[in-house]
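Laboratory data are not the source of any read-out in this text; all were calculated from the coordinates shown. Please read these numbers as outputs of a predicted model, since none were measured by experiment. Backbone-built Cβ (ideal geometry, glycine too); neighbour counts: all protein chains shown.
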Amino acid sequence: MALLPSTRAITSSAQALDLIPIVNSITSLLQALNPRNPNPKNLSSSPLNRFSPFLDPNLVTIVITKQTNPFHALFFFNWASNPNPNPKNYTHSLRCYEAITNLLLHHSLFYPAINLLKKSQKLSDFFIGKIIKAYGDEGNIKAAIFWFNQAKAIEKDKYLYSFNSILGVLVKANTIDLLRTLFDNVVKEGGFQPDVSSYTILIRGLCKKGMIESAQKVFDEMPCKPNSFTFNTLINGFCKKGDMESARGKVDEAKTVMSEMWLNGVKANAATHLNILKGLCIAGRSAEAIEYFRWMASCNMDLDAKSYIVVVNEYCKLRKIDEAVSLLNGMCGRGISLNVISFNSLFRTLVELNELHRAILLLLQMPQIGCSPNYVSYCTVVCSLCRTEGRMREAGYLVDDMLRNGIGLDATMYGCLLEGYSEAGNEEMAMQVFKEMIGKSYVIGLESFSVFVKMLCSKGMIVKAENFFEDICRTFPAVERDGYRKILDEHQQITQGSIKEHQGEESS
């Protein structure tokens, strides 16, 4: 257990204290006491009494947020509510209540959180809003609505925080009809005026449902001044993925909204421009998207990886590999973290263009330019090599590199390797792959099995083919045995027919 700091090292000012040693000591003690429920019986809190002189809201908040076990935090909070002794007449601040409530709700401990707030008479609009959101995160819409009605009953006309919380829950649950009904009822009741956040959430919900015209109408008629979040929400709605034709009328409307944003004195941020950029790409206006990105860069905007990824993907669609690579180099030059997703788009395009040598080089160079390949990177290139005649040696080299980097093979890649080695007539490697798949309980697909058996039978290894068939049936009893048997019989008949035909030619 960590030792308490010397009393001589402690000043009278709580702000001047180095709280870390005290926090660590309290945490160690709580771990030793190990309370396991909200109200532990026969567990004395007296060992905590030695920390009474150090109590202040800042310390209590830090201790609570440091706990990974919510019951430890609650035990400490309850002790600090009435510490013994209490020379400074310590009382919890609102931040302390917020910290313990957040922790309990995060662990879905609704009853202890609500009970604590009720006992302390802190069950306000602010905390009920947190309860509503927590229930919404769990998908319990009924409980979230119940607590919204509780907020209305408790706070009368002062439940804006709870109102915005229930709106967010309904948007997340995609219950937009209920969202509109609730919103309209609150406006009609006239108890309080929804704020800009309320309208922004409503607009987001309508956009999410594809009701862009309705969202525009709400935006035009909202009685409060929109902020950057409101504008960005509407712009994102115009630019989100939909049918290509409507996406072309909508991006221009988004640009109009952005102009209105400037006229209202609201500064467009990176998220605004990213939405426009995505919209142009979705609408198939690639050239405009690229020009828009160049304009963004020329204005010295704080471009993040997301903006680069959008344009890299667009270059890949246009099969402009050099430009995509150049853009990735530009990201590196600007100190922007490279994203493996962009590289994977490049790999797919290089494979489609049959530029496999270039794909291999890029895959091997990735770590040197600050981005490690992932499973998708390897799988895209390796499986393409397996489908290309004469490239299995390179495929094997990349698999070795992949394993060295701690990335394992799955059934998909094993299947590609099995087919690749079988097509290449390399029975030794094909059988090794087959055995590894069986050993790892990876189901061998009918197509892969067919290619494998064809190779074995063509080399006169009919008995081995039978043995491998039995291995499948023994390892996977639930598999459709008849399908594999049919494939095996067909290849055996073809092989036997070829042998008879060859023997007939020799005898004549």
Can you work out the Karplus-derived ³J(HN,Hα) for every residue in the stretch 66-77? Use 6.51 cos²θ - 1.76 cosθ + 1.60 with θ = phi - 60°, whole Hz, and x for glycine or proline. 7, 6, 8, 9, x, 6, 4, 5, 5, 4, 5, 4
Per 5 Å bin from zero, what fraction in whole % of the C-alpha pairs of the stretch 121-254 is there, up to the bin with the longest pair? 2, 11, 20, 22, 18, 14, 7, 4, 2, 1, 0, 0
Using θ = phi - 60° and Karplus 6.51 cos²θ - 1.76 cosθ + 1.60, couplings along the stretch 327-333 (whole Hz; Gly, Pro as x): 5, 5, 5, x, 4, 4, x
Listing C316, C299 by rising number of other beta-carbon atoms within 10 angstrom, fewest first, gives C299, C316
Using only the Cα atoms, what convex hull volume per residue in Å³ does the stretch 409-508 have? 86 Å³
Hits among aspartates and glutamates - C-alpha to C-alpha of K208 under 16 Å, sequence gap 8 or more where chains match: D177, D243
From phi via Karplus (6.51, -1.76, 1.60), per-residue ³J(HN,Hα) for the stretch 319-324 in Hz, x at Gly/Pro: 6, 9, 5, 4, 5, 5
May I ask which residue of A80, P40, S25 lies farthest towards the positive end of the charge dipole of the stretch 1-122, with charges of +1 (Lys, Arg) and -1 (Asp, Glu) on Cβ and the Cα centre as origin? P40
With a cut-off of 8 Å between alpha carbons and a minimum separation of six or more residues, what is the relative contact order of the chain in percent? 5 percent
Counting every Cα pair in the stretch 304-404, what percent are over 25 Å apart? 16 percent
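Distance cut-off 18 Å, Cα to Cα: go down the list K130/K152; K152/K209; K454/K486; K172/K267 and report the pairs above it.
Details: K130/K152 15 Å; K152/K209 28 Å; K454/K486 12 Å; K172/K267 27 Å.
Where the Cα-Cα span goes over 18 Å, the pairs concerned are K152/K209; K172/K267.
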Counting alpha carbon pairs within less than 8 Å and at least 6 residues apart, what relative contact order, in whole percent, applies to the stretch 59-175? 20 percent
Pairs of Cα atoms under 8 Å, at least six residues apart: use those to get the relative contact order of the stretch 304-404, whole percent. 22 percent
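Send over the per residue convex hull volume for the stretch 1-122, Cα only, as a whole number of Å³. Spell out each step's value before the answer.
Numbers: hull volume 12.4 nm³, N = 122.
With only Cα atoms used, the stretch 1-122 gives 101 Å³ per residue.
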Where no second cysteine Cβ lies under 4.7 Å, the cysteines concerned in the chain: C96, C207, C224, C239, C281, C299, C316, C332, C371, C379, C457, C473
Along the three principal axes, how long is the stretch 54-148 when you take its alpha carbons, biggest first, rounded to the nearest angstrom? 46, 26, 17
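How large is the translational diffusion coefficient of the chain in µm² per second when you combine the Kirkwood radius over alpha carbon pairs with Stokes-Einstein at 10 °C and 1.306 mPa s? Let's see the in-between values first.
On the way: Rh = 29.4 Å.
Using the Kirkwood radius from Cα pairs, D works out to 54 µm²/s.
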